[in-house]
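Bear in mind these aren't lab numbers, they're just calculated from the coordinates by the rules spelled out. Only a predicted model underlies this, so the values are computations on that prediction, with no experimental measurement involved. All Cβ positions, even for glycine, are placed from backbone atoms using ideal geometry, and neighbour counts span all protein chains on display.
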Amino acid sequence: MASETIDLLSPFRPEECARRLRTVTDPRRRARNNNPVIGTVTDARLRVRRRLAYRNSFQTFMFGTLERDGDGTLLRCSFGMHPAAVAFLIVWFCFVIIGLGIGLAVAFDLFGVDHGINKPLWPAAVIPVFMAVFALVWLKLSRRLAEEDEMFMIELLRFSLDAELTPESAARRAAEQPR
């Protein structure tokens, strides 16, 4: 669930870019510095997310590489949810699909088996539907809360590293903006 790659050019070398990014990045959520982003920055890679005052399992992460480009650095960044969050959603919806299949089979007595139950069986089919709706609403609200994270992290890179979008990335972003 990552977006297109955004490229930025910084006049600093990759080692200096990494050093500058580490000064605005906390390695853990509960770090005392209260820097604007949390994550990992090495001389070649970065994975950061915006610091939030609340929990958001589906917030936007920035994944990037720092590559030497002449005397400066080319930062290739993509944005998306953490791979563990994507895996969780896949597993959740697999269970929903399996549960819906079993629930429908039980509710409509597709197997023709006498269960000896005199109560209605329709909840077996409805519960997976509620699970799916719950997950979709949760995901939509969480992603809505994370709408500005991508722009925040791009601006942080531009400010911290004196970086500018490459002409191709700038044109692509301009085309994506609503009119």
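Using Cα atoms only, what is the angle between the long axis of helix 167-176 and the major principal axis of the chain, expressed in degrees (0 to 90) to the nearest 10?
40 degrees
Sort Arg158, Arg49 so the one with the fewest other Cβ atoms within 10 Å of its own Cβ comes first. Intermediate results must be reported in sequence, preceding the final value.
On the way: Arg158 14, Arg49 21.
In order of increasing Cβ crowding within 10 Å: Arg158, Arg49.
Calculate how steeply helix 149-161 sits against the longest principal axis of the alpha-carbon atoms of the chain, using the helix alpha-carbon long axis, and give the answer as 0 to 90 degrees to the nearest 10.
For 149-161 against the chain, the angle is about 20 degrees.
Taking the Cβ of Ser142 as the centre, find all other residues whose Cβ is under 15 Å away and add up their charges (Lys, Arg: +1; Asp, Glu: -1). Could the numbers behind the result be given before it?
Working: positive: Arg49, Arg50, Arg55, Lys140, Arg143, Arg144; negative: Glu147, Glu148, Asp149, Glu150.
Charge balance near Ser142 sits at +2.
Give me the distance in nm between label points sitting 7 Å out from Cα along the Cα-to-Cβ direction at Phe93 and Arg144, one decimal.
2.0 nm
Using alpha-carbon pairs under 8 Å, 6+ residues apart, how would you state the relative contact order of the chain in percent?
Values: 267 pairs, mean separation 46.7, N = 179.
Relative contact order for the chain comes out at 26 percent.
Compute the long axis of helix 123-145 from its Cα atoms, compare it with the longest principal axis of the Cα atoms of the chain, and write down the angle in degrees, 0 to 90, nearest 10.
Computed tilt is about 20 degrees.
Computed from these coordinates, which is Cα extents along the principal axes in Å: [x] 77, 40, 28; [y] 52, 45, 29; [z] 44, 31, 27?
[x]
With springs connecting C-alpha atoms under 10 Å apart, model the chain as a Gaussian network and identify which of Val133, Val41, Val24 has the largest mean-square fluctuation.
Comparing Val133, Val41, Val24 in a Gaussian network model of the chain, the most mobile one is Val133.
Among Phe79, Phe152, Phe58, determine the one that fluctuates most according to a GNM of the chain built with springs between C-alpha atoms less than 10 Å apart.
Phe152
Given the rule -39500 (n - 2.57) for each run of at least 4 DSSP H residues, summed and divided by the residues of the chain, what is its mean residue ellipticity at 222 nm, to the nearest 500 deg cm²/dmol?
Details: 5 runs with 81 residues, N = 179.
Roughly -15000 deg cm²/dmol at 222 nm, from the helical runs in the chain.
So if R0 is 45 Å, what FRET efficiency would Val129 and Ala53 give, r being the distance between their Cβ atoms, rounded to the nearest 0.05?
Working: r = 33 Å, r/R0 = 0.74.
Efficiency for this residue pair is about 0.85.
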